[in-house]
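What follows is a set of notes on a single structure, which appears directly below.
The values are calculated or read from the model by the stated rules, or taken from the named source; none is laboratory data. Since we're looking at a predicted model, the values are computed, not measured. Note that each Cβ is placed from the backbone with ideal geometry, even for glycine, and that neighbours are counted across all protein chains shown. Accessible surface is based on the protein model in full, side chains and every heavy atom, while ligands, DNA and RNA are left aside. Shrake-Rupley method; radii C 1.70, N 1.55, O 1.52, S 1.80 Å.
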Amino acid sequence: MYYYLNENEGHLSLYNEQWDTNMMKSLPEIQNISPIKSDKGDLPLTHAWPLGASCGPIWISPSKVRFRLLAPHGEKVSIEFEQGPSAELHPETKAPHFWSADVSQIKAGDRYRIVLSSHWNDCYHTEGAQLIRRDPYAREVDFDTPWCILTAPSFDWGKFNPPAYNELIIYELHVGSFPPQIDGKSAFELTSEGLPYIRELGFNCLQFMPVTEFGGIWGYNPRQLLAVHGKWGSAHQLKQLIDKAHLLGLAVVVDIVLNHGSAKLNSLWNWDGYGPNHCGGIYFEGERDTPWGRRFAFHKWEVKEYLKAACRMWIEEYHVDGLRIDSVHNMPWDLLQEMTYEIKMYYPGKILIAEITPENPTVVTEAGFDSCWLHAAHFDSLKIMEGQGGGHNPQIRISLLKSMIDMHRGFPRSCSGINSLLGSHDQCGDRHEGHQDGGCHRYYISRVGGRNNWHGRAKVRMWYALQVMSRGLPMIFMGTETLQDGWWHVDDYHRFNWGLIEEQDIFAKQMMNCVKDVNALRLKNPALVSENLRFVHEDPENTVLGWVRWSDEGGAGNVYLCVAHLGDNEWAGKEYAIYTGWGADQRWIQVFNSQAESYGGWAESGTFGELVCDWEGKIRIYLPKWSLLIFMLQ
């Protein structure tokens, strides 16, 4: 990544050497841009998202940084370095609320903080006339102090082409509680060491829960928006983690929180001293409190630019492949449209995922997102399991199943929804010692009998395989694949349990085998990531549902029949007749059985050999209890 100073406009623009010529041609032109010399010589001229309104530390040469701050109530503003003389900032002529200065003879790793006096100082009674602040745009900070750390402006990235949206199989993890705790290594470094495990299971996309500096427990309480969480490691270590993920074939999506600031340790609160009536100051004034912190001042263009800067930082400086934006129902609709439009204009190919409650297709069709978390699928599965909310009624059970498999109506594409039938961090995690919301926040296995319950394990296998064979993007939360029970939290007793893997726990191994095989089946067959899906068999009384998926080519090897059975009945031998929906005399072979012996079922549960359709288009199969079966057209 390199920066160019526009000599006429006096602002900076970015050049990303991974852009191709066609992308460069699609961007608006800015004339009279002078390239900065580098050890690679003069670089081609282009630009990305204009940085004219950007603040913070911007490298304009290997030893020179432009500092720019928003301080509308400032009287005097300076940068204080831990080592070396301070540098005074000056109000800009055309934008007097902004203060800036170019500082030379500095390097990556230098520590600095902001010292300012304010002509409206509501912090005087607690802090005095001189206020010590962090740079809101700092990329790295000392968690316990106001010191900020200059990060290196470049990184030697490897090349990576992410999977197409419809091919993503997502593994959600929390960096702070995924890796084992080892003295002398950061969470970013240790998470990097655990990536091969995830890739071997057949996942091709990581979704990190927030890695931005936060003041709460799980990461959803941002202290400021452009700094990495210092307790987990450095910005450089996070870049190494993402680069290694790419090397292994894993796309990376980062979860970001743009709707509110932290209720604890908020670095932006009363930032330049201004904060009458507990309004929160320039980043929060005029907004209301939420249960998690004060909403950002969405009506102010400076704040909107700050939120956009957080988005483009992850894309430009960390090379992430997508963003998941938390709780977008708590943000203005027009701002979402503005953000998604600009991101897509300058960074095409980056998947944008929304969390909106209740889920709404308009977040895709109107607000510009590519995909949306579908929480309802998880809760619908529990209705079936627990016989609640209509789940006791055979017709409603089938209806609920169909809506999970074919996605809720209104979402235009298969990749427009992300399914986590077995629960995301929201459903698996508990912050109140197991008592949150009446104790219902649990790993799915603990909702269906526990990991020592054979039927419970069979149900979890069936649900995961069903999810992977459905439309929508499948996602799993860390620990689900090992049948970790209880609930997830960041404490020593509820973090990811590596012991189940290291000790070769038989139940974990069986579930992992199932996850690995069904993931591989999805990824190697275009039919299973296509838009094509049709229900061909419904048996409400026994809760049996069949559907076919096919690629546009059709024919042998391109058509799959999936059969879900949610019940304790069993049809041994070849006693169950199921419609295939593909005509008479067709030949099918079973390619997956969630009750296979290697997954924890039994050897005789499969339907072996070639199956020939009768004149009605039916085949006769062995239908085990609580199973997901897949047959391929021969």
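For this structure, a couple of remarks:
- Atom-type composition of the exposed protein surface of the chain places 48 percent of the accessible area on carbon and sulfur (1.4 angstrom probe).
- Each Cα pair of the range 467-510 feeds into the Kirkwood radius, which the Stokes-Einstein equation turns, at 20 °C and 1.002 mPa s, into a diffusion coefficient of 181 µm²/s.
- Computed log₁₀ I(q)/I(0) - Debye formula, equal Cα scatterers, no solvent, the range 497-538, q 0.18 Å⁻¹: -0.67
- Remark: the range 258-269, residue by residue, has Karplus-estimated 3J(HN,Hα) of 10, 8, 7, x, 6, 7, 10, 6, 6, 6, 9, 5 Hz, where x stands for each Gly or Pro and the curve is 6.51 cos²θ - 1.76 cosθ + 1.60 at θ = phi - 60°.
- 3J(HN,Hα) along the range 249-257: x, 9, 5, 10, 10, 10, 7, 10, 10 Hz, from the Karplus curve 6.51 cos²θ - 1.76 cosθ + 1.60 with θ = phi - 60°, whole Hz, x for Gly and Pro.
- Applying the criteria of a DSSP loop state and at most 12 other Cβ atoms within 10 Å to the trypsin sites (Lys or Arg not before Pro) of the range 128-214 yields K159.
- For the range 554-634, the C-alpha radius of gyration sits at 1.03 times the compact-globule guess of 2.2 N^0.38 Å, with N the residue count.
- 3J(HN,Hα) along the range 274-290: 6, x, x, 6, 6, 7, x, x, 5, 8, 10, 4, x, 10, 10, 7, 10 Hz, from the Karplus curve 6.51 cos²θ - 1.76 cosθ + 1.60 with θ = phi - 60°, whole Hz, x for Gly and Pro.
- Separation of alpha-carbon centers, the range 484-562 and the range 342-379, rounded to whole Å: 23
- Theoretical ellipticity at 222 nm over the chain - DSSP helices of four or more residues, -39500 (n - 2.57) apiece, nearest 500: -6500 deg cm²/dmol
- Helix 394-405 vs. the chain, principal-axis angle (Cα, 0 to 90°, nearest 10): 50
- Between H260 and F296, the built amide H atoms are under 5 Å apart, and every one of these is 5 or more places off in sequence or on another chain.
- Between 0 and 90°, nearest 10: helix 454-468 axis offset from the chain longest Cα axis: 70
- Remark on the range 493-634: hydrodynamic radius 16.1 angstrom, per the Kirkwood mean of 1/r across alpha carbon pairs.
- All Cα pairs of the range 213-267, percent lying beyond 12 Å: 68
- Bridgeable lysines around K574 (alpha carbons under 19 Å apart, same-chain partners fewer than 8 residues away excluded): K618, K625.
- Cα long-axis angle, helix 235-247 against the chain (0 to 90 degrees, to the nearest 10): 30
- Principal axis dimensions, the range 309-424 - Cα atoms, whole angstrom, descending: 50, 25, 24
- Under Stokes-Einstein, with the Kirkwood radius over Cα pairs as Rh, the value for the range 180-255 at 37 °C and 0.692 mPa s is 254 µm²/s.
- Over the chain, the Kirkwood radius and the radius of gyration, each from Cα atoms, give a ratio Rg/Rh of 1.02.
- A P(r) calculated from all alpha carbon pairs of the range 385-499, with 5 Å bins opening at zero, reads 2, 11, 18, 21, 21, 15, 8, 3, 0 percent.
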